[in-house]
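The values are calculated or read from the model by the stated rules, or taken from the named source; none is laboratory data. Only a predicted model underlies this, so the values are computations on that prediction, with no experimental measurement involved. Backbone-built Cβ (ideal geometry, glycine too); neighbour counts: all protein chains shown. Accessible surface is based on the protein model in full, side chains and every heavy atom, while ligands, DNA and RNA are left aside. Shrake-Rupley method; radii C 1.70, N 1.55, O 1.52, S 1.80 Å.
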Amino acid sequence: MITSRARRLAAAAAVLAVGLLSACGARVDDSSASAGGEGTSCVDTSGPSVKIGFLNSRSGTMAISENTVYNSLKLAADQINAAGGVLGKQLTVVAEDGASEPTIFAEKAEKLIRSDCVAAVFGGWTSSSRKAMLPVFESNNALLFYPVQYEGLESSRNIFYTGATTNQQIVPALDYLKEKGVKSLFLVGSDYVFPQTANKIIKAYAEANGIEIKGEEYAPLGHTDFATIVAKVRDADADAVFNTLNGDSNVAFFKEYKNLGLTPEAMPVISVSIAEEEVGGIGVDNIAGQLVAWNYYQTIDTPTNKKFVEDFKAAYGESKVTSDPMEAAYTSLFLWKGMVEKAQSFAVNDVLAAADGVSFEAPEGTVTVNGENHHIAKTALIGKIGQDGLIYTEWSSGKPIEPDPYLKTYPWATGLSG
């Protein structure tokens, strides 16, 4: 869903793109310019390689989460190259640091598309970063593969969302809590798009399902003083806490949670942005026993996942862990490869035309692209954090859930996307 402000930004980016054409080098593959966007592609497919872009926060408050996504993307690129590349061409990676700032993500996306002439970009984490990049990709008719769960209520012809949308993570988490008898919630989140929109959805669900919201608190990204917020959580005495904090704020939150004597048994926290990588940063002793909602855990017991975990550890060290966002990023590169090979073309419009139904046997299980909304079917998993820092499945949807980013199939969500 694109706001009028986003459209104005897209128009401005399109004007800027015209002035940047000379920076792109020879225009070898420009067929993607024929429809859907204002930009003219400068992707060079004439040689033995083709460029792709990685755009992740390698610094700043989100680096705790995004560095592992970069590593998994690199692993995928290395494996694809070792197997012969894409359409016989080796992948040359151009990596940029989004530095945890949405404006920098937009600037770097423009650079990757117009100056580096990449065939596709993989990355982003926060919804603020994605929304900042969206008009850049649409105005240039370029491709972004976004690997992180998010708040839904959005789709774009130029973005493929390989993390969960709302009905594949947040709604199953709420259903799980309801089944466990939770009658009241306290909402804690970072002060930006994802938590605010997620909590809007949670409140609509709660109203329809007889769940009381006892409090709602936000903290800026990177915030580290949670004494006041956690005291409010304790005093509200809700049955559970729904946590949409992102980045290293979770470290301070859970340390304070434990300091005030709050436990998973008395008042469990269910988080939607804490995976295996973040557990180590938070400290296992501060978070063991708490709940998370995702679509992948390192502990998934399948041959495909075991090989993925082994390959990742072989590349980055035995102490490294795998997680949902990095698995979704790894998967995204193989999905793009599948689209390109189905299209027999790197041109954006050709790739878009070929996208529907492209599948990949991912570590999380078989995933398939929905060509209409550019999301993928995913199995929902509720997990519990163990004393060893890994996450173990407590509940599973049992089969992939078709993506419904606008929650059209949920009567209680009517009007949320307006």
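Do we find that residue 82 is hydrophobic (A, V, I, L, M, F, W, C) and in contact (Cβ under 8 Å) with a residue 24 or more places away in the chain in this structure? Show your work before the answer.
Details: hydrophobic (A, V, I, L, M, F, W, C): yes; in contact (Cβ under 8 Å) with a residue 24 or more places away in the chain: no.
Considered against the rule, which asks whether it is hydrophobic (A, V, I, L, M, F, W, C) and in contact (Cβ under 8 Å) with a residue 24 or more places away in the chain, residue 82 comes out as no.
Quick test for you: out of 61, 40, pick the one residue that is of a type outside the set (Lys, Arg), more than 18 Å from the chain's Cα centre (by Cα) and open to solvent by less than 60 Å² (accessible area, probe 1.4 Å).
Among 61, 40, only 40 is of a type outside the set (Lys, Arg), more than 18 Å from the chain's Cα centre (by Cα) and open to solvent by less than 60 Å² (accessible area, probe 1.4 Å).
Inside segment 282-313, can you point out the residues that are among the aliphatic types (A, V, I, L, M) and either more than 18 Å from residue 376 (Cβ to Cβ) or surrounded by fewer than 18 Cβ atoms within 10 Å (Cβ to Cβ) (or both)?
282, 284, 287, 288, 291, 292, 309
From the list 337, 342, which residue is open to solvent by less than 60 Å² (accessible area, probe 1.4 Å), at pLDDT 95 or above and charged (D, E, K, R)?
337
Checking residue 260 against (1) closer than 21 Å to residue 185 by Cβ; (2) touching a residue at least 60 places away in the same chain (Cβ under 8 Å), which single condition isn't satisfied?
(2)
Looking at segment 314-334 only, could you name the residues that are open to solvent by less than 40 Å² (accessible area, probe 1.4 Å), within 22 Å of the chain's Cα centre (by Cα) and farther than 15 Å from residue 53 by Cα?
Scanning segment 314-334 gives 321, 322, 323, 324, 325, 326, 327, 328, 331.
Please report, ordered by residue number, the strands (runs of 3 or more DSSP E) entirely within segment 152-267 with at least 2 residues that are surrounded by 22 or more Cβ atoms within 10 Å (Cβ to Cβ).
159-161, 184-190, 240-244
Among the residues that make up segment 390-412, is at least one of them among the polar types (S, T, N, Q), out of contact with any strand residue (DSSP E or B) (no Cβ under 6 Å at 6 or more places or on another chain), open to solvent by 30 Å² or more (accessible area, probe 1.4 Å) and farther than 23 Å from residue 199 by Cβ?
Within segment 390-412, not a single residue is among the polar types (S, T, N, Q), out of contact with any strand residue (DSSP E or B) (no Cβ under 6 Å at 6 or more places or on another chain), open to solvent by 30 Å² or more (accessible area, probe 1.4 Å) and farther than 23 Å from residue 199 by Cβ.
Do you know which residues across segment 73-120 are open to solvent by less than 20 Å² (accessible area, probe 1.4 Å) and under 18 Å from residue 338 (Cα atoms)?
73, 75, 76, 77, 80, 85, 86, 91, 118, 119, 120
What number goes with the only condition from (1) modelled with pLDDT under 95; (2) under 23 Å from residue 295 (Cα atoms) that residue 224 does not pass?
Checking residue 224 against (1) modelled with pLDDT under 95; (2) under 23 Å from residue 295 (Cα atoms), the one that fails is (2).
Do you know which of the residues in segment 366-388 that are buried (at least 17 other Cβ atoms within 10 Å of the Cβ) and in contact with a helix residue (DSSP H, G or I) (Cβ under 7 Å, 6 or more places away or on another chain) is nearest to residue 279 (Cα to Cα)?
The selected residue is 385.
State all residues of segment 361-415 that are of a type in the set (Val, Ile, Thr) and more than 16 Å from residue 153 (Cα to Cα); if no residue qualifies, say none.
366, 367, 368, 369, 379, 382, 385, 391, 393, 401 - these are the residues of segment 361-415 that are of a type in the set (Val, Ile, Thr) and more than 16 Å from residue 153 (Cα to Cα).
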